[in-house]
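Novice: The structure under discussion is supplied below as structure tokens; questions concerning it will follow.
The values are calculated or read from the model by the stated rules, or taken from the named source; none is laboratory data. Being a predicted model, the structure only gives us computed values, none of them experimental. Note that each Cβ is placed from the backbone with ideal geometry, even for glycine, and that neighbours are counted across all protein chains shown. Note: accessible area is taken over every heavy atom of the protein model, side chains too, but ligands, DNA and RNA are not part of it. Shrake-Rupley method; radii C 1.70, N 1.55, O 1.52, S 1.80 Å.
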Amino acid sequence: MTYRIVVSDTKVMNRETRAAVLNAVDATVETTGAKEPAAVARAVEGADALIVDAGTQVTAEVIAAADSLKVVGRAGIGVDNIDVRAAVAAGVTVVNVPEYSVEEVSTHAFALMLACLRKIPTFDRSVKRGEWEWAAGQPMHRLAGNTVGLVAFGKLASRFAAKLRGFDVDVVAYDPYVPEYRMGDLGVESVTFETLLADSDIVSLHAPLTDETRGMVDADALDRMREDALLVNTARGGLVDETALYDALVSGSLGGAGLDVRESEPPGESALHDLDSVVCSPHVAWYSEESRVELTQTVAEDVVRVLRGEEPENPIDPETGWF
């Protein structure tokens, strides 16, 4: 039997690895640039499998249109772009890559934190303008002695917490779905969201985007943070109200922000880009050549398992909330 597999984005799928895995079944692989539901629905008509990135919307409309679909593979961790309940109800298995880019994202969060704290982009621009002025980055404060607050405490945040060891910082975390002992094993204190905002010098977001977490960093949350605090987001842009963030930064009620993810991607013109206190990267925290190979192999192998009638290693539970 020949299977038809549609891949929505090739940038996160290593071509050679993908071919090596999917050649294990008799499959034709097609790529599509479709992102919006109507276009995705047309692209998957008659398909047996769909592999998507974070920007491809797999709604109930898409699931209903794909009457031969057996599996949706999310090339990444978060599944907020997939209607998992609709898929499971239709007998479609959803798989992801839960261990994907843990090393890369935790490192990128650390890099954004340090870039903001040490004003690296500001100094870089200053030197390239022909200046040689240490005061270009005033004021600047040391990392040691700070409190770092982690919003959610899954694999990524745990790895970030481990990397903070040895930097003489206190680490607290808010995650209502993780027992305190798991945090305690890494020397992390479990606190409420309100306490984390009030006590942290640096707040790093690691939560998935759900109905519960969408917009959780709003004007009220930002107002609870310290005036010189830094916000780092390598999770999902929808966690943060960007208008409120801009207002907080301009008013001086927040010290700075490191953003790898945005409410809309690409963000287009944004007032945030005019602020020296904001350091941006283009949703690249996931990336290394090693992570691309790992991602491709893991999601493709699980898709093949489902097509063969086998149990996948990384199925998504429709009732899963935070991870």
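Novice: Of the residues A221, A207, which single one is without any contact (Cβ under 8 Å) to a residue 60 or more places away in the chain and within 19 Å of V148 (Cβ to Cβ)?
Specialist: On inspection, the qualifying residue turns out to be A221.
Novice: Follow-up. Would you mind telling me which numbered condition in (1) among the hydrophobic types (A, V, I, L, M, F, W, C); (2) in contact with a Cys (Cβ under 7 Å, 6 or more places away or on another chain); (3) modelled with pLDDT under 95 V293 fails?
Specialist: (2)
Novice: From G149, G154, G145, which residue is under 19 Å from E294 (Cβ atoms) and either among the acidic types (D, E) or in contact (Cβ under 8 Å) with a residue 24 or more places away in the chain (or both)?
Specialist: From the options G149, G154, G145, the qualifying one is G154.
Novice: Criterion first (buried (at least 18 other Cβ atoms within 10 Å of the Cβ), without any contact (Cβ under 8 Å) to a residue 60 or more places away in the chain and not aliphatic (A, V, I, L, M)) does D83 satisfy it?
Specialist: Taking the combined requirement at face value, the residue satisfies it.
Novice: When E269 is evaluated against the numbered criteria (1) acidic (D, E); (2) without any contact (Cβ under 8 Å) to a residue 12 or more places away in the chain; (3) closer than 19 Å to I51 by Cβ, which criterion, by number, is the only one it fails?
Specialist: Here E269 clears every test but (3).
Novice: A further question follows. Just give me the residues in the stretch 227-242 being of a type outside the set (S, T, N, Q), in a loop (DSSP other than H, G, I, E, B) and within 19 Å of I77 (Cβ to Cβ), in sequence order.
Specialist: A235, R236
Novice: Same structure again: So which residues in the stretch 132-146 are over 19 Å from H273 (Cα atoms) and surrounded by 12 or more Cβ atoms within 10 Å (Cβ to Cβ)?
Specialist: M140, H141, L143, N146
Novice: If only one of V88, V97 is more than 19 Å from E36 (Cβ to Cβ), of a type in the set (A, V, I, L, M) and under 22 Å from the mean Cα position of the chain (by Cα), which one is it?
Specialist: Matching residue, one of V88, V97: V97.
Novice: Just to verify a result, which residue in the stretch 34-46, among those that are in a loop (DSSP other than H, G, I, E, B) and either open to solvent by 50 Å² or more (accessible area, probe 1.4 Å) or modelled with pLDDT of 95 or more (or both), is farthest from N81 (Cα to Cα)?
Specialist: The selected residue is E45.
Novice: While we're on this one: Would you check if there is a residue in the stretch 105-120 being without any contact (Cβ under 8 Å) to a residue 60 or more places away in the chain, over 23 Å from N233 (Cβ atoms), open to solvent by 20 Å² or more (accessible area, probe 1.4 Å) and over 14 Å from the mean Cα position of the chain (by Cα)?
Specialist: No, there is no match, as no residue in the stretch 105-120 is without any contact (Cβ under 8 Å) to a residue 60 or more places away in the chain, over 23 Å from N233 (Cβ atoms), open to solvent by 20 Å² or more (accessible area, probe 1.4 Å) and over 14 Å from the mean Cα position of the chain (by Cα).
Novice: Collect the residues in the stretch 243-261 that are assigned to a loop (DSSP other than H, G, I, E, B) and open to solvent by 20 Å² or more (accessible area, probe 1.4 Å), keeping them in residue-number order.
Specialist: Answer for the stretch 243-261, where residues must be assigned to a loop (DSSP other than H, G, I, E, B) and open to solvent by 20 Å² or more (accessible area, probe 1.4 Å): G252, S253, G255.
Novice: Further question on the same structure: Has the stretch 272-290 got at least one residue that is surrounded by fewer than 19 Cβ atoms within 10 Å (Cβ to Cβ), at pLDDT 95 or above, of a type in the set (G, A, S) and farther than 22 Å from I77 by Cβ?
Specialist: Scanning the stretch 272-290 turns up at least one residue that is surrounded by fewer than 19 Cβ atoms within 10 Å (Cβ to Cβ), at pLDDT 95 or above, of a type in the set (G, A, S) and farther than 22 Å from I77 by Cβ.
Novice: Any residue in the stretch 288-302 that's over 19 Å from V25 (Cα atoms) and basic (K, R): show its pairings with residues that are modelled with pLDDT under 90 and buried (at least 22 other Cβ atoms within 10 Å of the Cβ) at Cβ separation under 7 Å, as long as the two are six or more apart or on different chains.
Specialist: Note: pairs meeting the criteria are R292/V12.
Novice: Do we find a residue being out of contact with any helix residue (DSSP H, G or I) (no Cβ under 7 Å at 6 or more places or on another chain), at pLDDT below 95 and over 25 Å from D124 (Cα atoms) anywhere in the stretch 194-209?
Specialist: yes
Novice: Another question about this same structure. Would you pick out the residues in the stretch 47-79 that are part of a loop (DSSP other than H, G, I, E, B), more than 20 Å from Q297 (Cβ to Cβ) and of a type in the set (A, V, I, L, M)?
Specialist: Result: A47, A66, L69.
Novice: Do you know which residues across the stretch 147-186 are on the phi > 0 side of the Ramachandran plot and either modelled with pLDDT of 95 or more or surrounded by 20 or more Cβ atoms within 10 Å (Cβ to Cβ) (or both)?
Specialist: Once the filter is applied, which keeps residues that are on the phi > 0 side of the Ramachandran plot and either modelled with pLDDT of 95 or more or surrounded by 20 or more Cβ atoms within 10 Å (Cβ to Cβ) (or both), the stretch 147-186 yields A152, D168.
Novice: Collect the residues in the stretch 1-18 that are open to solvent by 40 Å² or more (accessible area, probe 1.4 Å), over 23 Å from the mean Cα position of the chain (by Cα) and not hydroxyl-bearing (S, T, Y), keeping them in residue-number order.
Specialist: Of everything in the stretch 1-18, those that are open to solvent by 40 Å² or more (accessible area, probe 1.4 Å), over 23 Å from the mean Cα position of the chain (by Cα) and not hydroxyl-bearing (S, T, Y) turn out to be M1, R4, E16.
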